[in-house]
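The structure under discussion appears below in the form of structure tokens.
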Amino acid sequence: MTASAPIVILVNPQLGANIGMAARAMLNCGLTELRIVAPRDGWPNPEALDAAVSDSRILVENAPVFDTTAEAVADLTHVYATTGRGREMVERIVTPRAAGREMRSLAADGARIGVLFGSERAGLGNDDISLADTIIRAPLNPDFKSLNLGHAVLMVSYEWFATEDETEEEVLDIGTAHVATKGELDNFMRHLVEGLDSGNYFRAKEMRPIVVRNIRNLFQRARATEQELRTMHGVIVALKKAGRAEEGAD
């Protein structure tokens, strides 16, 4: 069974532009179903379409509008509500990251999931919160927790997306170049060591093998490209010429 992505439900959104920005954030993370509850400025809203560029405009165009939050969540089996404020209610609270993992697991079991986001001015009311099974609360700066609606949607959407994203945490982007082979590195090291020998760099002969190994390790850790090693070959040649010129001047 393919897990269904969570449905984003904007409750009483005020600005059309923020609705469009929320749609963009959703599509960035593979969420494609948007619902809107009683938008302040009515619907349809051209500002929402203007802010929702390219394919995300389809999310706005297809978004159903509901009169109440209860109607918007009636067909769902698990509802999350986002809020940064404590309420005088018993609440189960999770971080966006924990919510992302949990939503993925629930969806895999066939759950229909929705996430409520409140208005820009006041957030969600207690009646809206009472419709949710779980609260999502981000651990932000306690002295400033205010988020733009689009930012809030992006934060939660991304944590859902990241649970199955397999992007490597670190890559070396070398374009069309290739990392130098061991043979190319060996050739460079021979050239470099010849230059160091001619310059009498290794004054303590017993330390020569250790120093050469350390230099090689430096270039190996850097994962130098073949082009970079060619550049370094040129540097060595230039330094040799400069040394000979200096000797001639003496």
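Any read-out appearing in this document is the output of simple, stated calculations on the displayed coordinates, not a laboratory observation. Quantities reported herein were computed from a predicted structural model and do not represent experimental measurements. So basically every Cβ, Gly included, is an ideal-geometry build from the backbone, and we count neighbours across all protein chains shown.
Let me have the relative contact order for the chain, percent, based on Cα pairs under 8 Å that are six or more residues apart. Write down the numbers at each step before the final one.
On the way: 361 pairs, mean separation 53.0, N = 250.
Computed value for the chain: 21 percent relative contact order.
Using θ = phi - 60° in the Karplus curve 6.51 cos²θ - 1.76 cosθ + 1.60, the 3J(HN,Hα) couplings for the stretch 159-168 round to 5, 5, 4, 5, 5, 10, 7, 10, 4, 4 Hz; x is entered for Gly and Pro.
Here the Gaussian network model covers the chain, with springs between Cα atoms less than 10 Å apart; of 224, 98, 25, 224 fluctuates the most.
Give me the aspartates and glutamates in straight-line cross-link reach of residue 182: C-alpha distance below 16 Å, same-chain residues under 8 apart excluded. Within the straight-line cut-off, residue 182 pairs with 226, 228.
May I ask you to sort 163, 83 by Cβ crowding, counting other Cβ atoms within 10 Å and putting the fewest first? Intermediate results must be reported in sequence, preceding the final value.
On the way: 163 16, 83 24.
Least to most surrounded, the residues fall as 163, 83.
Helix 16-28 and the long axis of the chain differ in direction by around 50°, with both axes built from C-alpha atoms.
For the stretch 80-195, the dipole from Cβ point charges (+1 on Lys and Arg, -1 on Asp and Glu) about the Cα centre works out to 500 debye, to the nearest 20. Build a GNM of the chain with springs between Cα atoms under 10 Å apart, and of 18, 141, 28 the one that fluctuates most is 141. Taken about its Cα centre, the chain carries a charge dipole of roughly 1100 debye when the Cβ of each Lys and Arg holds +1 and the Cβ of each Asp and Glu holds -1. Remark: the Cα gyration tensor places the stretch 64-155 in the oblate category, a/c being 1.5 or greater and a/b not exceeding b/c.
Give the shape of the stretch 7-162 as rounded, prolate or oblate, defined through the alpha-carbon gyration tensor: a ≥ b ≥ c are the square roots of its eigenvalues, a/c under 1.5 means rounded, and otherwise the shape is prolate if a/b is larger than b/c and oblate if not. It is rounded, given that a/c, with a ≥ b ≥ c, falls under 1.5. Excluding same-chain neighbours fewer than eight residues apart, no lysines are reachable from residue 240 by a Cα-Cα span under 21 Å.
So if I place +1 on the C-beta of Lys and Arg and -1 on the C-beta of Asp and Glu, and nothing else carries charge, what would the dipole magnitude of the stretch 182-249 be about its Cα centre? I want it in debye, nearest 20.
Details: 13 positive and 9 negative charges, 40 e Å.
Computed about the Cα centre, the dipole is about 200 debye.
For residue 225, the residues whose modelled amide H falls within less than 5 Å of its own, excluding neighbours fewer than 5 places apart on the same chain, are 180.
Extension gain for the segment residue 241 to residue 166, taken as residue separation times 0.36 nm less the Cα-Cα distance, is 22.0 nm to one decimal. In the stretch 182-249, a dipole from Cβ-located charges (positive for Lys and Arg, negative for Asp and Glu) runs towards its positive end, and of 234, 191, 207 it is 207 whose Cα lies farthest in that direction. Answer rounded, prolate or oblate for the stretch 182-249, using the Cα gyration tensor with square roots of eigenvalues a ≥ b ≥ c: rounded when a/c is under 1.5, else prolate when a/b is larger than b/c, else oblate. Cα axes put the stretch 182-249 in the oblate bin.
Using a Gaussian network model of the chain in which every pair of alpha carbons under 10 angstrom is joined by a spring, one finds that among 222, 48, 63 the greatest mean-square fluctuation is at 222.
Quick one: 211, 153, 60, fewest Cβ neighbours within 10 Å first, how do they rank? It would help to have the intermediate numbers written out before the result.
Values: 211 14, 153 28, 60 23.
Taking fewest neighbouring Cβ atoms as first place, the list is 211, 60, 153.
Across the stretch 69-77, rounded Karplus estimates of 3J(HN,Hα) from the backbone phi angles (6.51 cos²θ - 1.76 cosθ + 1.60, θ = phi - 60°) give 5, 4, 5, 5, 10, 4, 9, 9, 9 Hz, Gly and Pro being marked x.
Restricting to the chain, compute how many DSSP beta bridges are antiparallel as a %, nearest 5.
Values: 2 of 21 bridges.
In the chain, approximately 10 percent of DSSP beta bridges are antiparallel ones.
Phi-derived couplings, Karplus 6.51 cos²θ - 1.76 cosθ + 1.60 at θ = phi - 60°, listed residue by residue for the stretch 107-120: 5, 4, 8, x, 5, 9, 10, x, 10, 8, 10, x, 5, 4 Hz, with x used for Gly and Pro.
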